[in-house]
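Colleague: Provided herewith is a single structure, encoded as structure tokens, for subsequent inquiry.
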Amino acid sequence: MKMTSLDRTLLLLTGFLAAYQIAIGIDQMDSVSITAYTIAFGVILVAGLLLIILGFEVLDAPIVVIISTIIPLALSLGLVWQHLASYRTVYLIFTIVSFLAVILTRSIVMQNKLPVIVIAITHGIAGMTIFLLPIILSAQGQVMPLFSLVGVGGALIGLAGLLLSFLKTGKPILSRDTIMRLFPMLLLLTTALFVAGFKFG
Amino acid sequence: MLAQLSITKIRSKLSLYIPLIKSLQTSLLLLTGVAGYLSAHTTVNWLHFWQMLPSLFFAIAGSTILNMWWDQDIDAKMKRTHKRPTSAGQVTREEVLKLGIIVSVIGIGWALMVNWFYGVVVFAGLFFDVVVYSMWLKRRTCWSIVWGGISGAMPILAGRVLAVGQIDAIGILLACAVLFWIPTHTLTFSLKFFDDYNSAGVPTFPSTYGEAATRFAIAFSSVVAALTMGWASVWIGVTAGVLRVIIVLSAGLFFLAVTTVFRPSDRVNFSLFKYASMYMLFAMLLIIP
């Protein structure tokens with residue numbers, strides 16, 4: 001599917017938002033959180049630029065599965081490191097191990113369902129952390145209510161991930177064209193929610 | 001009626017002259033000059049700044065026009081360039097030469113009036129581009145691109161010189177970043193239009209050293225460009241946040257460069273070329289306070 005000027009504009013705006021978040025939105029945090037958020041928003045920024053250059057076809061590349069794992073893993077690590085001090089080490093180990101497992105299971109040809117299971121567990125835990133943690137913290141009053149926007153953004157990016165995953169497995173929920181038409185808007189909305197959540201939360 | 005006729009004539013001339021200055025390339029080089037000036041992070045001398053823009057523009061445009069004049073025979077043989085007004089015969093060689101000289105003299109003269117040192121650097125850019133790169137080396141050796149790169153690095157150095165009054169280490173680093181960025185552009189073109197350059201008899205890296213070596217050279221120069229830009233940014237004193245963005249963008253460039261070497265394809269090569277251009281554009285915007 002050919003990318004329109006509107007798609008390119010939306011992706012460029014996504015890139016600008018991600019760059020803003022990296023440059024300004026995460027100052028005053030500790031170094032691990034800054035690193036984790038920089039990686040997460042950095043992948044969004046670079047991916048947005050590559051999509052503009054190469055078009056939607058780039059999403060068919062096998063490496064996309066590995067790269068797209070970085071966003072939820074890094075973002076959830078940043079959140080846990082920032083707000084759940086007692087789980088820091090455990091979650092850091094989970095992040096490293098699960099990322100290595102994704103790389104390994106995607107690099108070796110396997111006949112069983114292990115690669116899918118690894119992806120499901122990784123995205124499941126990281127995605128639920130991004131979705132639930134900001135909402136729970138907001139509900140408990142530990143952070144400002146608008147921090148829950150990060151959770152809403154997490155839900156949206158999870159939705160985008162699900163649509164793409166089902167498409168890749170050959171059982172699409174929506175047609176490829178519809179998903180691609182929605183993708184730039186979903187990515188922009190997700191990034192905007194993340195940035196707003198961090199700024200006002 | 002007479003006035004309308006002359007307006008139509010001017011318009012038709014302009015429509016032929018504008019392609020001669022390669023507006024996108026000239027704009028990007030002009031932006032590097034602005035970035036070089038503003039990278040000094042000192043109080044802006046607006047009189048200098050507003051004179052730098054037209055003087056640099058005319059000098060860059062002038063050297064591009066003179067290149068078009070000199071390379072008319074090559075351009076006519078290449079599919080990519082044979083429709084240019086010079087090679088298509090829409091403007092005469094003599095006319096292009098006159099235009100190139102006038103525009104160049106305006107640019108260099110204005111630059112020298114603003115500040116003699118700045119003017120000398122601007123002139124060096126034009127001299128390296130027209131005389132050393134195009135006239136002397138382009139048809140003799142594939143290494144001519146180094147001189148093309150040096151001339152392309154002059155606008156950012158000129159901007160810096162105008163702001164700080166000397167050639168300092170940051171200015172040299174910024175110039176090196178542009179110098180190493182330019183091969184990603186020229187070498188990608190020489191791969192993509194391999195047959196064109198061959199038929200025109202222009203020696204290129206792919207025709208001299210082969211495709212693999214060229215891809216490696218592209219990857220190497222983009223990584224060095226990114227590292228140099230990062231180094232310059234640290235010395236300029238950009239904020240930690242801006243530095244993070246530059247590191248992220250550099251990581252993207254590094255990723256594509258490695259992919260170009262280990263999984264070569266025209267598509268990856270093209271994406272590296274495009275990304276490197278975007279990288280340089282954003283890096284220039286980021287070092288401006």
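Colleague: What is the residue count in the range B:256-289 for residues that are in contact with a Phe, Trp or Tyr (Cβ under 8 Å, 6 or more places away or on another chain) and of a type in the set (V, I, T)?
Modeller: 1
Colleague: Given the residues B:V103, B:V120, which is the only one that is of a type in the set (A, V, I, L, M) and buried (at least 21 other Cβ atoms within 10 Å of the Cβ)?
Modeller: Step by step, each of B:V103, B:V120 is checked, and only B:V103 is of a type in the set (A, V, I, L, M) and buried (at least 21 other Cβ atoms within 10 Å of the Cβ).
Colleague: Would you mind finding the one in A:L104, A:L73, A:L45 that is in a helix (DSSP H, G or I), away from every other protein chain (no Cβ under 13 Å), open to solvent by less than 60 Å² (accessible area, probe 1.4 Å) and of a type in the set (A, V, I, L, M)?
Modeller: From the options A:L104, A:L73, A:L45, the qualifying one is A:L73.
Colleague: Now, a different point. Can you name every residue in the range B:195-226 that is more than 30 Å from B:A251 (Cβ to Cβ) and either polar (S, T, N, Q) or surrounded by fewer than 16 Cβ atoms within 10 Å (Cβ to Cβ) (or both)?
Modeller: B:D195, B:N198, B:S199, B:G201, B:S207, B:T208 - these are the residues of the range B:195-226 that are more than 30 Å from B:A251 (Cβ to Cβ) and either polar (S, T, N, Q) or surrounded by fewer than 16 Cβ atoms within 10 Å (Cβ to Cβ) (or both).
Colleague: Could you identify the single residue in B:L56, B:L16, B:L24, B:L30 that is open to solvent by 20 Å² or more (accessible area, probe 1.4 Å), over 20 Å from B:S144 (Cα atoms), touching a residue at least 60 places away in the same chain (Cβ under 8 Å) and under 13 Å from the mean Cα position of the chain (by Cα)?
Modeller: Selected residue: B:L30, the only one of B:L56, B:L16, B:L24, B:L30 that is open to solvent by 20 Å² or more (accessible area, probe 1.4 Å), over 20 Å from B:S144 (Cα atoms), touching a residue at least 60 places away in the same chain (Cβ under 8 Å) and under 13 Å from the mean Cα position of the chain (by Cα).
Colleague: Of everything in the range B:228-249, what is at the interface with another protein chain (Cβ under 10 Å from one of its Cβ atoms) and either modelled with pLDDT of 95 or more or in a helix (DSSP H, G or I) (or both)? Give them in sequence order.
Modeller: Matches in the range B:228-249: B:A240, B:G241, B:V242, B:L243, B:R244, B:V245, B:I246, B:I247, B:V248, B:L249.
Colleague: Restricting to the range A:1-31, count the residues that are in a loop (DSSP other than H, G, I, E, B) and within 10 Å of chain B (Cβ to nearest Cβ).
Modeller: The total comes to 2.
Colleague: Could you give me the residue pairs with C-beta distances under 8 Å whose first residue belongs to the range A:166-178 and is exposed (fewer than 14 other Cβ atoms within 10 Å of the Cβ), whose second residue is not in a helix (DSSP H, G or I) wherever it lies, and which are 6+ apart or on separate chains?
Modeller: A:D177/A:M1
Colleague: Could you tell me which of the residues B:V261, B:V245 is among the β-branched types (V, I, T), touching a residue at least 40 places away in the same chain (Cβ under 8 Å) and open to solvent by 20 Å² or more (accessible area, probe 1.4 Å)?
Modeller: B:V261
The values are calculated or read from the model by the stated rules, or taken from the named source; none is laboratory data. Predicted model only: the values in this text are computed from it and were never measured. Here Cβ is always computed from backbone atoms with ideal geometry, including for glycine, and neighbour counts include all displayed protein chains. These accessible areas exclude ligands, DNA and RNA; they are computed on the full protein's heavy atoms, side chains included. Shrake-Rupley method; radii C 1.70, N 1.55, O 1.52, S 1.80 Å.
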